1. Can you pull out the residues in segment 246-276 that are touching an Asp or Glu at 6+ places or on another chain (Cβ under 7 Å) and closer than 18 Å to residue 338 by Cβ?
2. Read through the list (1) touching a helix residue (DSSP H, G or I) at 6+ places or on another chain (Cβ under 8 Å); (2) under 17 Å from residue 157 (Cβ atoms); (3) not basic (Lys, Arg), then give the number of the only condition that residue 233 fails.
3. Does residue 68 qualify as being within 26 Å of residue 260 (Cα to Cα) and in contact with a Pro (Cβ under 6 Å, 6 or more places away or on another chain)?
4. Please go through (1) without any contact (Cβ under 8 Å) to a residue 60 or more places away in the chain; (2) in a helix (DSSP H, G or I) for residue 220 and return the number of the only condition it doesn't satisfy.
5. May I ask you to verify whether residue 42 is at pLDDT 95 or above and either assigned to a loop (DSSP other than H, G, I, E, B) or in the same structural domain as residue 372 (by TED's automatic domain parsing) (or both)?
6. Are there any pairs, at least 6 apart or on different chains, whose C-beta atoms fall under 9 Å, with the first in segment 318-345 and acidic (Asp, Glu) and the second buried (at least 19 other Cβ atoms within 10 Å of the Cβ), and if so, which?
7. Please tell me if residue 224 is among the hydrophobic types (A, V, I, L, M, F, W, C), touching a strand residue (DSSP E or B) at 6+ places or on another chain (Cβ under 9 Å) and not assigned by TED's automatic domain parsing to the domain that holds residue 376.
Amino acid sequence: MSEIRYRLPQKREIVTEFPGPRSQELSQRRTSVIAAGVASSVPVYAADVDGGVVVDVDGNSLIDFGSGIAVTTVGGSAPKVVEKVKDSVEHFTHTCFMVTPYEGYVEVAERLAEITPGDHAKKVALFNSGAEAVENAVKIARVATGRDAIVVFDHAYHGRTNVTMAMTAKNMPYKNGFGPFAPEIYRVPMSYPFRDPEGMSGPEAAKRALEMVDKQIGAANVAAVVIEPIQGEGGFIVPADGFLPALAEWCTDNGALFIADEVQSGVARTGEWFAVEHEGVIPDLITVAKGVAGGMPLSAVVGRAELLDAVHGGGLGGTYGGNPVACAAAIGALDTIEEWDLKSRAKHIEAVTHASLDSLVDGTEVVGEIRGRGAMIALEFVQPGTREPNPELAKAVAAECLARGVIILTCGTHGNIVRLLPPLTITDELLREGLEILSDAIVKHGK
């Protein structure tokens, strides 16, 4: 393991009013030209990002607990990513792999086939976004099985395209007014230990879901079961042990595909390359995006070779899919994860986070649960002494943290969850400082 290197000082510092005058000026310019439907959760404008800090245009340095929604896993300007991107753009920025292919696409595919679970023969197709990867995984599943039905879960988030909106559970803001949606998408209950009947095991929760599939859809009609091994936007819900293996076994027994949507949970975020590895599950197909390319737009479907080869020539692809610069960035990001041993770093971040925050569950009446794996941890806020969602508190805590220089994101079907997604390159000092500010905010607003 080589030592993590930083370009910017790794410190929190607020030097202007907040947001500062330059951010306010940009906000005014934005209002006149940017669509209102494109919203931002933080009112400052970034100028520089490195390691665990985001420096805004006014010179304020904020602790980053968001990573651009789990994208800058290796930091916002990791040296190896920057080096690879610079070298790539000096040669060419685009040819379209479907016209004139190039080695970078091939190398990324080789690397992804190597790190994804299972020792079976695999093939890969590259795209731009997580939603594209999920939609193409559905296309592959339907062609390979000759079936139409896709099973998804409560609280799921899979993207903003028409098919992936249909697969996504939450209406506002992702689906409201955008229908009609793609057909043959069916939703069943997720294993949600905090809200399931007390004592419900993973296999019991799987049985509950699969009985609905058998009765309401018919196993013979199911092309695929698609699930986030740890749900992202839905609330960082970690299913009970045994839930994922039971789903995968059912798929094998019934000729359906098990598709792991690892767009947010993958690429070392949870302490393994992919979250399904925590339970030894080997998906038929796995979708990859976000952290795979150090901030550049790249996604992939990786899976059993015979499944991807079931699609006719020209049936997969896109003008920008597997862009050469994004591929170069991915090679740099994957090298960085290995050289800096960031999987171990994710596990360390998990330990530090729990050591800092676990006392809030018993020490307050408003933190119902702290859950997650690696550097993918969430706190679920409830009304005092109950399990009723408390979205007002989540919003207040995030706002308090931001005012003190810590970027924190909320999520959850009810908006009552704060999620922590720090870069794996964050220093222990910054991590602990940010967690202390978060803890103070919870105590202050949770009274």
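The values are calculated or read from the model by the stated rules, or taken from the named source; none is laboratory data. Please read these numbers as outputs of a predicted model, since none were measured by experiment. All Cβ positions, glycine included, derive from the backbone under ideal geometry; neighbour counts span all protein chains shown.
1. Once the filter is applied, which keeps residues that are touching an Asp or Glu at 6+ places or on another chain (Cβ under 7 Å) and closer than 18 Å to residue 338 by Cβ, segment 246-276 yields 271, 274.
2. (1)
3. Working: within 26 Å of residue 260 (Cα to Cα): yes; in contact with a Pro (Cβ under 6 Å, 6 or more places away or on another chain): no.
The answer is no for residue 68.
4. Only one criterion in (1) without any contact (Cβ under 8 Å) to a residue 60 or more places away in the chain; (2) in a helix (DSSP H, G or I) is unmet by residue 220, namely (1).
5. Values: at pLDDT 95 or above: no; either assigned to a loop (DSSP other than H, G, I, E, B) or in the same structural domain as residue 372 (by TED's automatic domain parsing) (or both): yes.
For residue 42, the condition - at pLDDT 95 or above and either assigned to a loop (DSSP other than H, G, I, E, B) or in the same structural domain as residue 372 (by TED's automatic domain parsing) (or both) - is not met.
6. 335/80; 335/81; 335/84; 339/80
7. Taking the combined requirement at face value, the residue satisfies it.
Residue-wise test of (1) under 25 Å from residue 411 (Cα atoms); (2) in contact (Cβ under 8 Å) with a residue 24 or more places away in the chain; (3) under 18 Å from the mean Cα position of the chain (by Cα); (4) not assigned by TED's automatic domain parsing to the domain that holds residue 276.
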| site | (1), (2), (3), (4) |
| --- | --- |
| 109 | no, yes, no, no |
| 112 | no, yes, yes, no |
| 115 | no, yes, yes, no |
| 119 | no, no, no, no |
| 122 | no, yes, no, no |
| 135 | yes, yes, yes, no |
| 145 | no, yes, no, no |
| 155 | yes, yes, yes, no |
